[in-house]
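The values are calculated or read from the model by the stated rules, or taken from the named source; none is laboratory data. A quick note: this is a predicted structure, and the numbers were derived from the prediction, not measured. Methodologically, a virtual Cβ is constructed for each residue, glycine included, from the backbone with ideal geometry; neighbour enumeration extends over all protein chains shown. Accessible surface is based on the protein model in full, side chains and every heavy atom, while ligands, DNA and RNA are left aside. Shrake-Rupley method; radii C 1.70, N 1.55, O 1.52, S 1.80 Å.
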Amino acid sequence: MKQKYERPTIKKMNTGLMNKFGTRTDFDPVEVIDGVPVKSLVADYGSPVFVLSEKQIRRNYQAAVRSFKTRYPKVQFAWSYKTNYLNAVCKIFHQEGSWAEVVSGFEYHKALGNGVAGNQIIFNGPDKKEADLIFAIENHSLIHIDHYDELYLLIEICKRINKTAKVAIRVNFDTGVYPTWDRFGFNYENGQAWTAINKIVAADHLELIGLHCHIGTFMLSTAAYSVAATKLCDLAIRCKTELQNPVQYLDLGGGFPSTNTLKGAYLPGVDTVPSVEDFADAITNTILNFGFATDELPLLILESGRVLIDDAGYLIGSVLANKRLSDGRRATIVDFGINILFTSNWYDHKISVAKEAGQYTEETVLFGPLCMNIDVVRESITLPLLERGDQVVVHKVGAYNMTQWMQFINMRPAVVLIDMQGKSHLIRKPETLAYLEMMEEVPDYLSN
Ligand SMILES: *Cc1c(COP(=O)(O)O)cnc(C)c1O
């Protein structure tokens, strides 16, 4: 058979170019995501559009589980709902074996709706309504008490409904990373945590089964987790020896960083943040060396959010216009604003062009489409020259953006999941005016 003629092409290689900070610039175009062309995603679902990779979510989850399970015998992950509670996303984590970690009544009900057994839901946070607590007690969920008022309320509820609650306390401590998150839970150093434990063990209808902490988010110090694990282990051993109430689990919370680059960081996140394995080493070595009998090692629970999904998320957007600012700087206006890219507050996201672009690049300010001065997606980024209608792909936006996003001036866009076979699925429709007005009421006297 005669071969089809292909026109020869010459491609200039960009690899290895240094920018003024001595780090490599990377203008490789992103034309496809998991095999699906960016162009067809925009044609099918509009622009802007969030895209999630099921492959990457599963890969992250399995790698994290492996990092811990190869180092410690009893490990359980619980998906942090607030990080991304789209049901399709949660179901992927639950299929992989993850429990649910929720911090509000509606998240609790979402987890139940996603088929999670009551005794595999961890109920955290300072705001648990009485009705939610009763529900959680009856469903045998793991209630992590945040403050004394909640403890007293639980004691009162359990007595009233004559049921026993399975509880843990959230503990905060000085881990050497400041400011400490001491507004959540009971403090270790000043004895509050130990007092709370004593009150729980002494109460009739409470069963103390675990100890919990969540020391921060995007934590860059593995040592902080060693300190946290040490202090939780100390409490656990005292629970057993002094109160004859051994705990079943230690929950080290979440907080591991994704490979995003923090604003103002000198080097890219991929090169600098510790890996999940580094954190697993710090935590499991501490627990294993602490002195538990081998058959009494507590279950280790992790509530990782960000690290498991950030790099599985993309935001595709389109260029609306270019202009020159009064000082001559190039400005490009894109069709997504900071209202749907909350994490642009902290990260210099990697932003790629969705096509092979020219060699010429220029420092550019990226503005969103909102009629507000603060809508700056990026103060300064070196980009090839883009034209109206060109697509850009913002990377590592899977965590928190799809829960903290705001409807403001523009509607929230569609969210698409690309499955293991490279097929795309709409998992959240783009919002419409009808959706927006569904919750509104106009008083009769203003109706006509
Ligand atoms: C938000 C949260 C998590 C997840 O935190 P990440 O930093 O995203 O890993 C885990 N546990 C609790 C209690 C949380 O509030």
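Annotations
- Residue order for W79, W99 - accessible surface, 1.4 angstrom probe, largest first: W99, W79
- FRET efficiency for the pair D444 and E277, taken as 1/(1 + (r/R0)^6) with r the Cβ-Cβ distance and R0 = 45 Å, rounds to 0.10.
- Sites listed here are chymotrypsin sites (Phe, Trp or Tyr not before Pro) in segment 206-268 whose DSSP assignment is loop and whose Cβ has at most 11 other Cβ atoms within 10 Å: Y266.
- Additional length obtainable on full extension of the chain from A63 to Y360, 0.36 nm per residue less Cα span: 103.0 nm
- Extension gain for the segment N139 to A293, taken as residue separation times 0.36 nm less the Cα-Cα distance, is 52.3 nm to one decimal.
- Estimated FRET transfer efficiency (A321, F408; beta-carbon r; R0 22 Å; 0.05): 0.65
- Isotropically averaged projected area of segment 54-308, using the convex hull of Cα atoms (one quarter of hull area), nm²: 13.3 nm²
- Across the chain, counting alpha-carbon atoms alone, Rg and Dmax equal 24.8, 86 Å.
- Accessible area per residue (1.4 Å probe, heavy atoms of protein chains only) ranks M420, M406, M219, M439 as M439, M406, M420, M219, with the largest value leading.
- Charged-residue dipole, Cβ positions (Lys, Arg, Asp, Glu), the chain about Cα centre, Debye nearest 20: 1340 debye
- If R0 equals 41 Å, the separation of the Cβ atoms of E130 and T241 corresponds to a calculated FRET efficiency of about 0.70.
- Here segment 317-385 yields Rg over Rh of 0.94, to two decimals, using C-alpha coordinates and the Kirkwood radius.
- Loop-located chymotrypsin sites (Phe, Trp or Tyr not before Pro) in segment 340-441 whose Cβ has at most 10 other Cβ within 10 Å (DSSP): Y360
- Taking the Cα centre of segment 54-308 as reference, the dipole from Cβ charges on Lys and Arg (+1) and Asp and Glu (-1) amounts to some 560 debye.
- Trypsin sites (Lys or Arg not before Pro) restricted to DSSP loop in segment 63-106 with at most 16 other C-beta within 10 Å: K74
- Residue-normalised accessible area of segment 260-354, expressed per residue, 1.4 Å probe, Å²: 40 Å²
- Extending 7 Å from Cα along the Cβ direction at L262 and again at L153 yields two label points whose distance is 3.3 nm.
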